[in-house]
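A.B. asks: Could you have a look at this structure, given as C-alpha coordinates, before my questions?
The values are calculated or read from the model by the stated rules, or taken from the named source; none is laboratory data. Every value quoted in this text rests on a predicted model; they were computed, and no experiment measured them. Don't worry about glycine lacking a Cβ; one is built from the backbone with ideal geometry, like all the others, and counts go over all protein chains shown.
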Amino acid sequence: MDAAPDLLKRLRAGEESAWGELHREHYARLWSSVQRILNNPAAADDVVQEAFIKAHRDIKRFAGQSQLGTWLYRIAVNQALDTIRKKQRTDRWLSFLSPVAEDENQPAMPEGHVAPAASTGLENAELREIIFAAMGDLSPEHRAVVQLRLVDEMSLEETAQLLCCKPGTVNSRLHYACEHLRRKLGKVKRASESGT
Amino acid sequence: MCQALELAPEFMEDRELRKLLLETCPVRPGQEDRAWSTLRERLYAQPKLSWWAALLQPTWRNGAFAGVAFGLIVGAVASFALTSQARILATADSQAPGIYATSFYSKSAQAQVVWLNGMEPASDKPTFLEKTGQVTNPSDNSATPAGDPNSL
(Lines give C-alpha, C1' and ligand atoms only; values in the text may rest on other atoms or scores of the structure.)
Protein backbone atom coordinates (compact mmCIF):
# COMPACT_ATOMS: atom_id res chain seq x y z
CA MET A 1 0.00 0.00 0.00
CA ASP A 2 2.75 2.39 1.05
CA ALA A 3 4.07 4.49 -1.81
CA ALA A 4 1.90 2.54 -4.23
CA PRO A 5 2.37 4.17 -7.63
CA ASP A 6 -1.35 4.75 -8.03
CA LEU A 7 -1.74 6.40 -4.64
CA LEU A 8 1.37 8.47 -5.22
CA LYS A 9 0.02 9.64 -8.57
CA ARG A 10 -3.28 10.63 -6.96
CA LEU A 11 -1.49 12.38 -4.12
CA ARG A 12 0.62 14.33 -6.59
CA ALA A 13 -2.53 15.31 -8.44
CA GLY A 14 -3.81 16.68 -5.12
CA GLU A 15 -6.80 14.35 -5.00
CA GLU A 16 -8.69 14.90 -1.77
CA SER A 17 -9.66 11.25 -1.36
CA ALA A 18 -6.03 10.16 -1.70
CA TRP A 19 -4.93 12.58 1.00
CA GLY A 20 -7.79 11.38 3.18
CA GLU A 21 -6.56 7.82 2.70
CA LEU A 22 -3.01 8.80 3.63
CA HIS A 23 -4.26 10.67 6.69
CA ARG A 24 -6.37 7.72 7.84
CA GLU A 25 -3.47 5.35 7.45
CA HIS A 26 -0.75 7.33 9.18
CA TYR A 27 -2.38 9.85 11.51
CA ALA A 28 -2.57 7.68 14.64
CA ARG A 29 1.06 6.59 14.52
CA LEU A 30 2.30 10.07 13.72
CA TRP A 31 0.27 11.71 16.45
CA SER A 32 1.37 9.18 19.10
CA SER A 33 5.02 9.56 18.13
CA VAL A 34 4.89 13.35 18.11
CA GLN A 35 2.94 13.38 21.38
CA ARG A 36 5.56 11.15 23.02
CA ILE A 37 8.24 13.65 22.00
CA LEU A 38 6.37 16.85 22.85
CA ASN A 39 4.20 15.64 25.74
CA ASN A 40 1.70 18.30 24.75
CA PRO A 41 -1.47 17.17 22.92
CA ALA A 42 -2.35 20.58 21.47
CA ALA A 43 1.17 21.05 20.13
CA ALA A 44 1.12 17.50 18.77
CA ASP A 45 -2.12 18.28 16.89
CA ASP A 46 -0.51 21.35 15.33
CA VAL A 47 2.72 19.60 14.46
CA VAL A 48 0.98 16.67 12.74
CA GLN A 49 -1.24 19.03 10.81
CA GLU A 50 1.74 21.10 9.70
CA ALA A 51 3.53 17.90 8.70
CA PHE A 52 0.64 16.92 6.41
CA ILE A 53 0.52 20.42 4.93
CA LYS A 54 4.26 20.32 4.27
CA ALA A 55 3.89 16.88 2.70
CA HIS A 56 1.04 18.18 0.52
CA ARG A 57 3.26 21.06 -0.62
CA ASP A 58 6.35 18.92 -1.23
CA ILE A 59 4.80 15.71 -2.57
CA LYS A 60 6.08 16.49 -6.07
CA ARG A 61 9.62 16.44 -4.68
CA PHE A 62 9.12 13.03 -3.07
CA ALA A 63 11.38 10.79 -5.13
CA GLY A 64 9.86 7.52 -3.92
CA GLN A 65 13.18 6.16 -2.67
CA SER A 66 11.76 5.54 0.79
CA GLN A 67 8.27 4.52 1.84
CA LEU A 68 5.68 7.25 1.91
CA GLY A 69 5.00 6.56 5.59
CA THR A 70 8.69 6.88 6.45
CA TRP A 71 8.94 10.13 4.54
CA LEU A 72 5.86 11.50 6.32
CA TYR A 73 7.19 10.29 9.67
CA ARG A 74 10.49 12.11 9.13
CA ILE A 75 8.66 15.33 8.28
CA ALA A 76 6.55 15.05 11.44
CA VAL A 77 9.54 14.26 13.67
CA ASN A 78 11.51 17.14 12.19
CA GLN A 79 8.56 19.46 12.78
CA ALA A 80 8.36 18.25 16.39
CA LEU A 81 12.09 18.81 16.91
CA ASP A 82 11.83 22.27 15.35
CA THR A 83 8.99 23.05 17.76
CA ILE A 84 11.17 21.98 20.69
CA ARG A 85 14.09 24.09 19.46
CA LYS A 86 11.86 27.13 18.97
CA LYS A 87 10.42 26.69 22.45
CA GLN A 88 13.90 26.37 23.92
CA ARG A 89 15.02 29.54 22.15
CA THR A 90 11.98 31.39 23.49
CA ASP A 91 12.57 29.99 26.98
CA ARG A 92 16.21 31.09 26.85
CA TRP A 93 15.13 34.63 25.97
CA LEU A 94 12.49 34.60 28.68
CA SER A 95 14.96 33.30 31.27
CA PHE A 96 17.41 35.98 30.14
CA LEU A 97 14.76 38.62 30.75
CA SER A 98 13.50 37.01 33.94
CA PRO A 99 15.35 37.96 37.16
CA VAL A 100 15.07 34.39 38.53
CA ALA A 101 17.45 31.94 36.83
CA GLU A 102 16.11 28.49 36.17
CA ASP A 103 18.00 25.42 37.26
CA GLU A 104 19.16 23.71 34.09
CA ASN A 105 19.63 20.37 35.82
CA GLN A 106 16.03 20.25 36.79
CA PRO A 107 14.13 17.85 34.55
CA ALA A 108 11.52 19.42 32.30
CA MET A 109 8.01 19.27 33.62
CA PRO A 110 5.31 17.75 31.47
CA GLU A 111 3.83 20.41 29.23
CA GLY A 112 0.43 18.91 28.87
CA HIS A 113 -1.80 16.15 29.93
CA VAL A 114 -3.65 13.49 28.01
CA ALA A 115 -6.57 11.72 29.52
CA PRO A 116 -5.86 8.03 29.15
CA ALA A 117 -8.11 6.39 26.61
CA ALA A 118 -9.84 3.17 27.40
CA SER A 119 -9.66 1.75 23.91
CA THR A 120 -6.04 0.56 23.83
CA GLY A 121 -4.56 -2.81 24.48
CA LEU A 122 -3.12 -1.67 27.78
CA GLU A 123 -5.83 -2.47 30.26
CA ASN A 124 -4.72 -0.40 33.19
CA ALA A 125 -5.17 3.33 32.74
CA GLU A 126 -3.29 4.01 35.94
CA LEU A 127 -0.12 2.46 34.60
CA ARG A 128 -0.44 4.54 31.44
CA GLU A 129 -0.71 7.60 33.64
CA ILE A 130 2.47 6.58 35.46
CA ILE A 131 4.36 6.05 32.20
CA PHE A 132 3.06 9.34 30.89
CA ALA A 133 4.18 11.15 34.02
CA ALA A 134 7.57 9.42 33.89
CA MET A 135 8.00 10.53 30.28
CA GLY A 136 6.96 14.02 31.32
CA ASP A 137 9.82 14.13 33.83
CA LEU A 138 12.28 13.73 30.97
CA SER A 139 13.53 16.61 28.87
CA PRO A 140 12.28 16.86 25.25
CA GLU A 141 15.69 15.67 24.02
CA HIS A 142 15.49 12.55 26.17
CA ARG A 143 11.92 11.89 25.07
CA ALA A 144 12.93 12.27 21.43
CA VAL A 145 15.73 9.74 21.87
CA VAL A 146 13.35 7.28 23.56
CA GLN A 147 10.85 7.72 20.74
CA LEU A 148 13.29 7.45 17.85
CA ARG A 149 15.72 4.88 19.17
CA LEU A 150 13.63 2.71 21.47
CA VAL A 151 10.10 2.92 20.15
CA ASP A 152 10.75 3.41 16.43
CA GLU A 153 13.98 1.43 16.49
CA MET A 154 15.87 3.88 14.29
CA SER A 155 19.60 3.33 13.84
CA LEU A 156 22.03 5.16 16.08
CA GLU A 157 23.37 7.22 13.18
CA GLU A 158 19.91 8.15 11.91
CA THR A 159 18.82 9.23 15.39
CA ALA A 160 21.98 11.28 15.89
CA GLN A 161 21.51 12.91 12.49
CA LEU A 162 17.87 13.80 13.17
CA LEU A 163 18.66 15.19 16.61
CA CYS A 164 21.81 17.02 15.43
CA CYS A 165 24.02 15.44 18.08
CA LYS A 166 26.76 12.81 18.38
CA PRO A 167 25.94 9.08 18.52
CA GLY A 168 27.55 8.97 21.98
CA THR A 169 25.11 11.62 23.18
CA VAL A 170 22.20 9.56 21.83
CA ASN A 171 23.45 6.51 23.75
CA SER A 172 23.92 8.38 27.00
CA ARG A 173 20.52 10.06 26.72
CA LEU A 174 18.86 6.73 25.98
CA HIS A 175 20.60 5.10 28.92
CA TYR A 176 19.55 7.89 31.27
CA ALA A 177 15.95 7.91 29.99
CA CYS A 178 15.52 4.13 30.21
CA GLU A 179 16.99 4.07 33.72
CA HIS A 180 14.60 6.83 34.74
CA LEU A 181 11.58 5.00 33.31
CA ARG A 182 12.60 1.68 34.89
CA ARG A 183 13.17 3.36 38.25
CA LYS A 184 9.74 5.02 38.15
CA LEU A 185 7.97 1.81 37.19
CA GLY A 186 10.01 -0.16 39.72
CA LYS A 187 8.93 2.22 42.49
CA VAL A 188 5.33 1.51 41.65
CA LYS A 189 5.96 -2.20 41.90
CA ARG A 190 7.69 -1.88 45.29
CA ALA A 191 4.84 0.30 46.61
CA SER A 192 2.31 -2.27 45.45
CA GLU A 193 4.24 -5.15 47.03
CA SER A 194 4.52 -3.38 50.40
CA GLY A 195 0.81 -2.50 50.21
CA THR A 196 -0.35 -6.09 49.64
CA MET B 1 -3.39 -2.42 38.98
CA CYS B 2 -1.71 -5.72 39.85
CA GLN B 3 -2.24 -7.06 36.37
CA ALA B 4 -0.49 -4.07 34.88
CA LEU B 5 2.32 -4.16 37.41
CA GLU B 6 3.19 -7.63 36.28
CA LEU B 7 4.24 -5.94 33.04
CA ALA B 8 6.54 -3.58 34.91
CA PRO B 9 9.23 -5.49 36.78
CA GLU B 10 12.04 -3.52 38.40
CA PHE B 11 14.61 -4.50 35.79
CA MET B 12 12.48 -4.27 32.75
CA GLU B 13 13.98 -5.13 29.42
CA ASP B 14 14.03 -2.61 26.61
CA ARG B 15 11.48 -4.49 24.53
CA GLU B 16 9.02 -4.53 27.44
CA LEU B 17 9.55 -0.83 27.94
CA ARG B 18 8.98 -0.31 24.24
CA LYS B 19 5.77 -2.32 24.36
CA LEU B 20 4.47 -0.23 27.23
CA LEU B 21 5.44 3.02 25.54
CA LEU B 22 3.73 1.96 22.34
CA GLU B 23 0.52 1.57 24.28
CA THR B 24 0.67 5.05 25.76
CA CYS B 25 -0.43 8.21 23.93
CA PRO B 26 -3.35 6.59 22.13
CA VAL B 27 -5.44 8.61 19.73
CA ARG B 28 -8.80 9.48 21.30
CA PRO B 29 -12.03 8.43 19.61
CA GLY B 30 -13.05 10.90 16.92
CA GLN B 31 -9.72 12.70 17.08
CA GLU B 32 -8.58 11.49 13.69
CA ASP B 33 -11.83 12.61 12.02
CA ARG B 34 -11.60 16.03 13.63
CA ALA B 35 -7.98 16.36 12.57
CA TRP B 36 -8.84 15.38 8.98
CA SER B 37 -11.70 17.86 8.72
CA THR B 38 -9.42 20.67 9.98
CA LEU B 39 -6.67 19.63 7.62
CA ARG B 40 -9.04 19.33 4.66
CA GLU B 41 -10.32 22.81 5.37
CA ARG B 42 -6.78 24.16 5.30
CA LEU B 43 -5.79 22.23 2.20
CA TYR B 44 -8.88 22.47 0.02
CA ALA B 45 -11.34 25.03 1.34
CA GLN B 46 -8.99 28.00 1.07
CA PRO B 47 -10.32 30.59 -1.38
CA LYS B 48 -8.16 31.10 -4.44
CA LEU B 49 -6.27 34.34 -4.18
CA SER B 50 -6.10 36.73 -7.08
CA TRP B 51 -2.59 37.47 -8.32
CA TRP B 52 -2.38 40.83 -6.57
CA ALA B 53 -3.72 39.37 -3.30
CA ALA B 54 -1.16 36.59 -3.62
CA LEU B 55 1.55 39.24 -3.90
CA LEU B 56 0.53 40.56 -0.48
CA GLN B 57 1.04 37.21 1.22
CA PRO B 58 4.03 37.24 3.61
CA THR B 59 6.24 34.75 1.75
CA TRP B 60 9.97 34.73 1.07
CA ARG B 61 9.34 35.06 -2.66
CA ASN B 62 7.15 38.11 -2.22
CA GLY B 63 9.66 39.61 0.20
CA ALA B 64 12.48 39.17 -2.31
CA PHE B 65 10.31 40.61 -5.08
CA ALA B 66 9.43 43.64 -2.94
CA GLY B 67 13.11 44.13 -2.06
CA VAL B 68 14.19 44.09 -5.70
CA ALA B 69 11.37 46.45 -6.70
CA PHE B 70 12.24 48.84 -3.87
CA GLY B 71 15.91 48.76 -4.87
CA LEU B 72 15.05 49.57 -8.49
CA ILE B 73 12.81 52.47 -7.48
CA VAL B 74 15.44 53.90 -5.12
CA GLY B 75 18.08 53.50 -7.84
CA ALA B 76 15.93 55.23 -10.44
CA VAL B 77 15.08 58.14 -8.12
CA ALA B 78 18.72 58.54 -7.08
CA SER B 79 19.89 58.44 -10.67
CA PHE B 80 17.29 61.03 -11.72
CA ALA B 81 18.13 63.30 -8.80
CA LEU B 82 21.88 63.17 -9.46
CA THR B 83 21.44 63.82 -13.18
CA SER B 84 19.10 66.76 -12.60
CA GLN B 85 21.42 68.17 -9.99
CA ALA B 86 24.35 68.00 -12.42
CA ARG B 87 22.34 70.02 -14.93
CA ILE B 88 21.24 72.51 -12.34
CA LEU B 89 24.85 73.02 -11.31
CA ALA B 90 25.64 74.04 -14.88
CA THR B 91 23.21 76.94 -15.07
CA ALA B 92 24.35 80.34 -16.16
CA ASP B 93 25.82 82.36 -13.38
CA SER B 94 25.85 86.11 -13.50
CA GLN B 95 29.26 85.96 -11.77
CA ALA B 96 30.75 83.75 -14.51
CA PRO B 97 33.16 85.70 -16.71
CA GLY B 98 31.86 86.68 -20.10
CA ILE B 99 28.20 85.98 -19.38
CA TYR B 100 25.67 88.74 -18.92
CA ALA B 101 21.99 88.22 -18.39
CA THR B 102 19.21 90.72 -18.93
CA SER B 103 15.58 90.06 -18.13
CA PHE B 104 12.63 91.92 -19.64
CA TYR B 105 9.01 91.37 -20.66
CA SER B 106 8.49 90.91 -24.39
CA LYS B 107 5.13 92.20 -25.59
CA SER B 108 5.35 90.35 -28.89
CA ALA B 109 6.24 87.06 -27.22
CA GLN B 110 3.94 87.82 -24.30
CA ALA B 111 6.49 86.27 -21.93
CA GLN B 112 9.30 87.16 -19.60
CA VAL B 113 12.53 86.90 -21.57
CA VAL B 114 15.99 86.30 -20.18
CA TRP B 115 18.63 87.59 -22.54
CA LEU B 116 21.96 85.91 -22.18
CA ASN B 117 25.07 87.36 -23.69
CA GLY B 118 28.18 85.32 -24.17
CA MET B 119 26.43 81.97 -24.67
CA GLU B 120 26.18 79.72 -27.65
CA PRO B 121 23.84 80.85 -30.43
CA ALA B 122 20.24 79.99 -29.84
CA SER B 123 18.98 76.76 -31.26
CA ASP B 124 15.94 74.57 -30.80
CA LYS B 125 18.06 72.17 -28.72
CA PRO B 126 18.56 72.66 -24.95
CA THR B 127 21.78 74.45 -24.06
CA PHE B 128 23.80 73.44 -21.00
CA LEU B 129 26.88 75.02 -19.60
CA GLU B 130 29.90 73.11 -18.38
CA LYS B 131 30.27 73.01 -14.62
CA THR B 132 33.27 75.35 -14.88
CA GLY B 133 31.05 78.03 -16.35
CA GLN B 134 33.21 78.21 -19.46
CA VAL B 135 31.28 78.68 -22.64
CA THR B 136 32.37 76.52 -25.54
CA ASN B 137 32.75 78.41 -28.80
CA PRO B 138 30.25 77.46 -31.44
CA SER B 139 32.03 75.40 -34.07
CA ASP B 140 29.31 75.49 -36.67
CA ASN B 141 28.62 79.08 -37.73
CA SER B 142 26.22 78.01 -40.46
CA ALA B 143 23.54 77.42 -37.82
CA THR B 144 23.71 81.08 -36.79
CA PRO B 145 20.45 82.77 -37.59
CA ALA B 146 20.37 86.11 -39.28
CA GLY B 147 20.57 89.20 -37.10
CA ASP B 148 21.38 88.90 -33.42
CA PRO B 149 23.03 85.49 -32.78
CA ASN B 150 21.56 85.33 -29.28
CA SER B 151 18.09 86.21 -30.39
CA LEU B 152 15.32 84.00 -29.08
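A.B. asks: What pairs come up if the first residue lies in the stretch A:171-185 and is at pLDDT below 90, the second is aromatic (Phe, Trp, Tyr) and outside any helix (DSSP H, G or I), and their beta carbons are under 7 Å apart, counting only those six or more places apart or on different chains?
C.D. replies: Once the first residue is at pLDDT below 90 and sits in the stretch A:171-185, its partners that are aromatic (Phe, Trp, Tyr) and outside any helix (DSSP H, G or I) give A:Arg182/B:Phe11.
A.B. asks: Those residues that are facing another protein chain (nearest Cβ under 9 Å) and either of a type in the set (Phe, Trp, Tyr) or surrounded by fewer than 17 Cβ atoms within 10 Å (Cβ to Cβ) (or both), I need them from the stretch A:130-163; list them, please.
C.D. replies: A:Phe132, A:Glu153
A.B. asks: Among the residues of the stretch A:31-39, are any among the basic types (Lys, Arg) and more than 21 Å from A:Val145 (Cβ to Cβ)?
C.D. replies: No, that holds for no residue.
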